[in-house]
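*Asks:* Starting off with a structure, shown below.
The values are calculated or read from the model by the stated rules, or taken from the named source; none is laboratory data. Everything numeric here is computed off the predicted structure, so don't read it as measured data. A quick note on method: Cβ atoms are made from the backbone with ideal geometry, for glycine too, and the neighbour counts reach across all protein chains shown. Remember, those area values only see protein heavy atoms, side chains included, never the ligands or the DNA or RNA. Shrake-Rupley method; radii C 1.70, N 1.55, O 1.52, S 1.80 Å.
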Amino acid sequence: MAGAAHCSLQAKRLLLDPKFEGYKLSLEPLACYQLGLDAAVAEVQLRDDQYTLDHMRAFGMYNYLHLDSWFQDNVYYVDQFGRVMNLSVTLDTALQKPREVFRLPTDLSACDNRLCASMHFSSSTWVTLSDGTGRLYLIKSGKRGSSASEKWEIVFNEELGSPFIIAHSVSFVKSDVHSLSVLLLRVEKDELDTKGSGFHVTLEWVTIAGRKEGDHAYEIIKRRVLQGKSVPHYAAIEPSGDGLMIVSHKPFTFIQSESDTLEENDDAEISNEKKDPLYYWQQTEDDVTITVHLPQDITKDDIKIHFSPDNICVALKDQPPLIEGKLYSSVDHESCTWIIREDKSLEISLIKKNEGSRWPELVLGDTRGQFIMDSSQCSEIAESLMHLTSEVMNPNPEKENPPCNAQELEECDAFLEDGASLCRFDGDTLKVTHVINLGSNQYLFSVVVNPREMPCFCLRHDVDALLWQPHSDQPENMWEHIATFNALGYVQASKQDKKFMACAPDYSYAALCECMRRVFIYRQPTPLATVLYNRKEGRQVGQVAKQLVATLEANDPILGFQATSERLFVLTTKTLFLIKVNSGN
């Protein structure tokens, strides 16, 4: 991950509530509706050779209910006859039976090593679908959620190798060409892995584009494969199709074809020859100074420098640019200057827009320069780290800020994977551009808040659960803290039988379900209509957060779980339950 910017997640203090007192169990009744299914859900049991934790996470814990985020309260599932069934809800008291919108052409029962069928809604009119046998379908659906305008039509289908499930997909237009990028997840046998589980995980990033001559002519234009040793918690393609973000316990890397490997080896040999940096740069809290040594014959007229708020370009004569690309952070381009010094060096001054911020790199992805730190900056960093070291082992922990209060930790707080990381990959260079070490910030679940943006992911921070929205087009605000579910990180840790977690796209509640029957709902704090006093502290309580519990009348295991702003959808083998959580406006 050399060259990757090491970042951190910045929580918004205004979204945190240090005085949160906990959830009060509410006995208010929840309206629960159930629909019997004409045919059972097409559940695929794990085979004897799918025995690892990765198989269980990827396929055994698969969510068979698919929420169409582009249309309110619109869910889909695939039944045992290969039919894609849809339920679109407008009124809970007038529920229609799930209707068939599409039928998979293949006989699912004929394939022995198939996985569960999977789908993803790439846009309001495009769907990617897999039958679990290794075939990918690209479908133009029309406007979904309405029987009048919804008509699923195959525009592309192709066998892509061993069976996979669809992890994510996006639809975008580039240079007037419509394209779709799809992420395919596989757990494959690894003959070289003799000490581990004997399997590795691959993510195949497939890009399919339309040919200009025909509306329905689509073809694969790019296939790239990433490989890792754990199933990713989160994997999503950026809306523009230019990058990829992955949260995983173990790192992923791109596997290159032989021609790419040969080219890289050639590049490596060249780069192994010691090269002087093309430029040097220094920074203070207010500005950045770049120094470039000029050839003897270069004059002022030969130098071409262009400043913009986020980019820089420095070129000499007719040569390729010395420095070109996106700056790490914005600058006040009208105040930027350059001069030629007496020692025939070019000095460029950039004025930072965000004073006080430290830049880990000058131009994103450019490793041809060298950063020079002055002595005052070195001593400043050393001083800031001084509190982490001591000559005495654990000096006076009772009185002087103990590093950890063990009383706040319980057995349920321990979780195995404390080394997860969030990585952003560039689609062109196939290199990691940003990395965040999540440490003890346990991954909980993901949710689509805005279908035009990347899915959000929820992480545990101390006892709370914080929701993060990735913004791939905003380098300075790439991961934004948008909501907090108070104490949910602590609460969920005690639910040993939990299977799925979700939250409403408007953050009004979070919910989790167990493997069978029980569903727990945690509402955000709301103001009280009546006066309530805390007897212990003798003060008035202004708002309260409620916990609700729903018990489903079903003996079958829960196979699917989705949340919308108004209701929860829970899928079992033969029944679809709707739990009304919030009343509509």
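*Asks:* Looking only at the range 44-59, count how many residues are closer than 20 Å to SER130 by Cβ and either free of Cβ contacts under 8 Å to residues at least 60 places away in the same chain or among the small types (Gly, Ala, Ser) (or both). Walk me through it before giving the result.
*Replies:* Within the range 44-59, the first condition is being closer than 20 Å to SER130 by Cβ, and the residues that meet it are 44-47, 50, 54-59.
Add one more test, that the residue is either free of Cβ contacts under 8 Å to residues at least 60 places away in the same chain or among the small types (Gly, Ala, Ser) (or both), and what stays is 45-46, 56, 58.
Looking only at that region, the number is 4.
*Asks:* For the range 307-362, which strands (runs of 3 or more DSSP E) that fit wholly inside it have 3 or more residues that are of a type in the set (Val, Ile, Thr)? Break it down stepwise before answering.
*Replies:* Values: elements: 311-316, 323-326, 337-340, 345-351.
Output list reads 337-340.
*Asks:* I would also like to ask the following. Do any residues in the range 111-131 that are not assigned by the TED database to the domain that holds ASN157 have Cβ atoms under 6 Å from those of residues that are crowded, with 24+ Cβ neighbours inside 10 Å and modelled with pLDDT under 95, where the two are at least six apart or on different chains, and which pairs are they?
*Replies:* Sorted first by the residue in the range 111-131, then by its partner, the list stays empty.
*Asks:* Within the range 333-356, is even one residue of a type in the set (Gly, Ala, Ser) and surrounded by fewer than 11 Cβ atoms within 10 Å (Cβ to Cβ)?
*Replies:* We begin by selecting, within the range 333-356, every residue of a type in the set (Gly, Ala, Ser); these are 335, 345, 349, 356.
Next, only the ones that are surrounded by fewer than 11 Cβ atoms within 10 Å (Cβ to Cβ) stay: 356.
The answer is yes; a qualifying residue exists.
*Asks:* When you check MET119 against the structure, is it exposed (fewer than 14 other Cβ atoms within 10 Å of the Cβ), within 29 Å of the chain's Cα centre (by Cα) and of a type in the set (A, V, I, L, M, F, W, C), yes or no?
*Replies:* Values: exposed (fewer than 14 other Cβ atoms within 10 Å of the Cβ): no; within 29 Å of the chain's Cα centre (by Cα): yes; of a type in the set (A, V, I, L, M, F, W, C): yes.
It is false that MET119 is exposed (fewer than 14 other Cβ atoms within 10 Å of the Cβ), within 29 Å of the chain's Cα centre (by Cα) and of a type in the set (A, V, I, L, M, F, W, C).
*Asks:* Here's a follow-up. Which numbered condition trips up ARG83, out of (1) touching a strand residue (DSSP E or B) at 6+ places or on another chain (Cβ under 6 Å); (2) open to solvent by less than 20 Å² (accessible area, probe 1.4 Å); (3) farther than 30 Å from SER508 by Cβ?
*Replies:* Condition (2) is where ARG83 drops out.
*Asks:* Continuing with this model, one more query. In the range 25-59, what count of residues is obtained for those that are open to solvent by less than 30 Å² (accessible area, probe 1.4 Å) and under 18 Å from LEU512 (Cα atoms)? Reasoning before the result, please.
*Replies:* Taking the range 25-59 and keeping what is open to solvent by less than 30 Å² (accessible area, probe 1.4 Å), we get 26, 35, 37, 39-42, 50, 52, 54-55, 58-59.
Among the residues that remain, those that are also under 18 Å from LEU512 (Cα atoms) are: 26.
Selection size over the range 25-59: 1.
*Asks:* Exactly one of (1) touching a residue at least 60 places away in the same chain (Cβ under 8 Å); (2) in contact with a Ser or Thr (Cβ under 9 Å, 6 or more places away or on another chain) is unmet by LYS499. Its number?
*Replies:* (2)
*Asks:* So, one more: I want to confirm something. Restricting to the range 98-128 and keeping residues that are β-branched (Val, Ile, Thr) and at pLDDT 90 or above, which single residue is farthest from VAL84 (Cα to Cα)? Before the answer, list the steps.
*Replies:* Of the range 98-128, the ones β-branched (Val, Ile, Thr) are 101, 106, 125, 127-128.
Checking which are at pLDDT 90 or above leaves us with 101, 125, 127-128.
Values: VAL101: 6, THR125: 16, VAL127: 12, THR128: 12 Å.
Applying the filter and picking the extreme gives THR125.
*Asks:* Report yes if TYR279 is at pLDDT 90 or above and of a type outside the set (Gly, Ala, Ser), otherwise no.
*Replies:* Working: at pLDDT 90 or above: no; of a type outside the set (Gly, Ala, Ser): yes.
For TYR279, the condition - at pLDDT 90 or above and of a type outside the set (Gly, Ala, Ser) - is not met.
*Asks:* Also, quick follow-up: Check off (1) touching a Leu at 6+ places or on another chain (Cβ under 6 Å); (2) crowded, with 21+ Cβ neighbours inside 10 Å; (3) modelled with pLDDT under 95 for ILE237 and give me the number that stays unchecked.
*Replies:* ILE237 satisfies every listed condition except (3).
*Asks:* Hey, LEU422 hits all of (1) within 24 Å of LEU226 (Cα to Cα); (2) modelled with pLDDT of 90 or more; (3) surrounded by fewer than 22 Cβ atoms within 10 Å (Cβ to Cβ) but one; which does it fall short on?
*Replies:* (3)
*Asks:* Name the single residue, out of those in the range 453-466 being more than 14 Å from the chain's Cα centre (by Cα) and of a type outside the set (A, V, I, L, M), that is farthest from ASN437 (Cα to Cα). Spell out how you get there, then give the answer.
*Replies:* Kept after step one, since they are more than 14 Å from the chain's Cα centre (by Cα), are these residues of the range 453-466: 460-465.
Retained after the next criterion (residues that are of a type outside the set (A, V, I, L, M)): 460-462, 464.
On the way: ARG460: 14, HIS461: 13, ASP462: 16, ASP464: 18 Å.
Top of the filtered list is ASP464.
*Asks:* Would you check if there is a residue in the range 184-205 being farther than 28 Å from GLU453 by Cα and among the hydrophobic types (A, V, I, L, M, F, W, C)? Before you say what the answer is, go through the steps one by one.
*Replies:* First, pick out the residues of the range 184-205 that are farther than 28 Å from GLU453 by Cα: 188-200.
Still in the running and among the hydrophobic types (A, V, I, L, M, F, W, C): 192, 199.
Yes, that holds for at least one residue.
*Asks:* Across the range 145-185, which residue is surrounded by the fewest Cβ atoms within 10 Å (Cβ to Cβ) among those that are in contact (Cβ under 8 Å) with a residue 60 or more places away in the chain and either hydroxyl-bearing (Ser, Thr, Tyr) or more than 26 Å from LEU115 (Cα to Cα) (or both)?
*Replies:* Only one residue fits best here, namely LYS174.
*Asks:* Also: Tell me, which residue of the range 348-386 that is modelled with pLDDT under 85 and among the hydroxyl-bearing types (Ser, Thr, Tyr) is farthest from LEU278 (Cα to Cα)?
*Replies:* The residue in question is SER384.
*Asks:* For residues that are within 17 Å of VAL549 (Cβ to Cβ) and part of a helix (DSSP H, G or I), tally how many sit in the range 478-532.
*Replies:* 3
*Asks:* Just a yes or no: is a residue in the range 3-22 touching a Pro at 6+ places or on another chain (Cβ under 7 Å) and open to solvent by 70 Å² or more (accessible area, probe 1.4 Å)? Quick ask: steps written out before the conclusion?
*Replies:* Let us first name the residues in the range 3-22 that are touching a Pro at 6+ places or on another chain (Cβ under 7 Å), namely 5-6.
From what's left, open to solvent by 70 Å² or more (accessible area, probe 1.4 Å): 6.
Within the range 3-22, one or more residues are touching a Pro at 6+ places or on another chain (Cβ under 7 Å) and open to solvent by 70 Å² or more (accessible area, probe 1.4 Å).
*Asks:* How many residues are crowded, with 19+ Cβ neighbours inside 10 Å and either in a loop (DSSP other than H, G, I, E, B) or modelled with pLDDT under 90 (or both) if we restrict to the range 71-80?
*Replies:* 1
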